[in-house]
1. Quick check on my filter: what residues within the stretch 277-286 are surrounded by fewer than 19 Cβ atoms within 10 Å (Cβ to Cβ), touching an Asp or Glu at 6+ places or on another chain (Cβ under 9 Å) and within 15 Å of Q172 (Cα to Cα)?
2. Return the residues of the stretch 106-160 that are among the polar types (S, T, N, Q), within 16 Å of the chain's Cα centre (by Cα) and closer than 20 Å to I68 by Cα; say none if nothing qualifies.
3. Could you check, for the stretch 134-142, whether at least one of its residues is more than 17 Å from I200 (Cα to Cα) and either in contact with an Asp or Glu (Cβ under 9 Å, 6 or more places away or on another chain) or outside any strand (DSSP E or B) (or both)?
4. Given the structure, is R128 of a type in the set (D, E, K, R), in contact (Cβ under 8 Å) with a residue 40 or more places away in the chain and touching a helix residue (DSSP H, G or I) at 6+ places or on another chain (Cβ under 7 Å)?
5. Run I145 past the list (1) part of a helix (DSSP H, G or I); (2) in contact (Cβ under 8 Å) with a residue 60 or more places away in the chain; (3) surrounded by 20 or more Cβ atoms within 10 Å (Cβ to Cβ); (4) not basic (K, R) and report the number of the one that doesn't hold.
6. Any idea how many residues of the stretch 155-182 are in a helix (DSSP H, G or I) and out of contact with any Ser or Thr (no Cβ under 7 Å at 6 or more places or on another chain)?
7. Which pairs do you get when a residue that is touching a residue at least 60 places away in the same chain (Cβ under 8 Å), found in the stretch 1-20, comes within reach of a residue that is β-branched (V, I, T) and assigned to a helix (DSSP H, G or I), reach meaning Cβ atoms under 9 angstrom, with the pair 6+ apart or on two chains?
8. Say whether the condition of being aliphatic (A, V, I, L, M), touching a strand residue (DSSP E or B) at 6+ places or on another chain (Cβ under 9 Å) and closer than 20 Å to G282 by Cα is met by at least one residue in the stretch 177-200.
Amino acid sequence: MRTLRGQGRPAIGLDIQPSNFTDCVGSMGDRDLVRRCLAGVRTVIHSAALHKPHVATHSDQDFIDTNITATRVLLEEGVSAGLSSFVFTSTTSTFGSALTPAPDEPAVWMTEDVLPIARNIYGETKLRAESLCELFFRRHRLPVIVLRTSRFFPEADDDAGVRAGYEIENVQANEFLHRRVDLEDVVTAHFLAVERAPSIGFGRFIVSATTPFGREDLMALRHDAASVVHRLFPDCAQLYASRGWRLFPAIDRVYVNHRAVAALKWRPKYDFRHVLNCLRAGRDFRGPLARDVGSKGYHAVEFKDGPYPVSR
């Protein structure tokens, strides 16, 4: 919404929370409200959801109501409104247990062909919502693009061990190697999906920063990830040492954005080389949009041990 407003493009923001970018305050499960908001609208970018940080504070039924039932309301009313495209913000968390290889196996090369194995109610309901999107394309020919985004939130990691062992910036810099994307690149991918949906029909794409790794690196990443990074980026050791940072000793999955790049003509600007360039120049490696948005949190209260009450 910030970017659309900044570009002078007409858009309606629907959210349960009031803000400078919310035009209609209410639930996307409210069919009458959704119908009114969709009058004259050509496309929907559906990025609302209950997320993983809500698993400990919301019931399974809450997740079903928000992530599945309300998505169906948007799709049904979108068909009635004659939308030209529908973009659904999904998550790489849908892959679930498929993200974790056995100890003696190489890191997983995560493409859209990997079969998801839901790990919790969040991943399960996002998967079901993806299936609804595909169904509405097949049944009603509604052009739909599903974007499985990797991490772009600014909050500290939900793993207590990671939080204790690394600074937030160190963790997120490391993640640009294999599982993070900058918010500006996420927004760009959504806008391209809006444009490409009518010609694609239905598509599902991973949206993550371009990894420097290849398939040939996957076994080494499980046992000595730093050696792979230092081979690819000889200047990394000195730049990290100047900040007191450390690379992860092991990496278990690598998100691959090849299909989004090819089909959407997406060109992500932010990657690990960008991170190192910023370290050298003494700049924040986050894009301007990420800095402007900052942390909005997930709950109305703060928790003692982290930004949300879930350990994994």
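The values are calculated or read from the model by the stated rules, or taken from the named source; none is laboratory data. Since the structure is predicted, the reported quantities are computational estimates derived from the model, not experimental observations. Cβ atoms come from the backbone with ideal geometry, glycine included; neighbour counts cover every protein chain shown.
1. Selection gives C278, D284.
2. Matches in the stretch 106-160: T125, T149.
3. No, the conditions are met nowhere in the stretch 134-142.
4. Taking the combined requirement at face value, the residue satisfies it.
5. Among (1) part of a helix (DSSP H, G or I); (2) in contact (Cβ under 8 Å) with a residue 60 or more places away in the chain; (3) surrounded by 20 or more Cβ atoms within 10 Å (Cβ to Cβ); (4) not basic (K, R), the lone unmet condition for I145 is (1).
6. 13
7. R2/V187; R2/V293; T3/V187; T3/T188
8. Yes; the residues of the stretch 177-200 include at least one that is aliphatic (A, V, I, L, M), touching a strand residue (DSSP E or B) at 6+ places or on another chain (Cβ under 9 Å) and closer than 20 Å to G282 by Cα.
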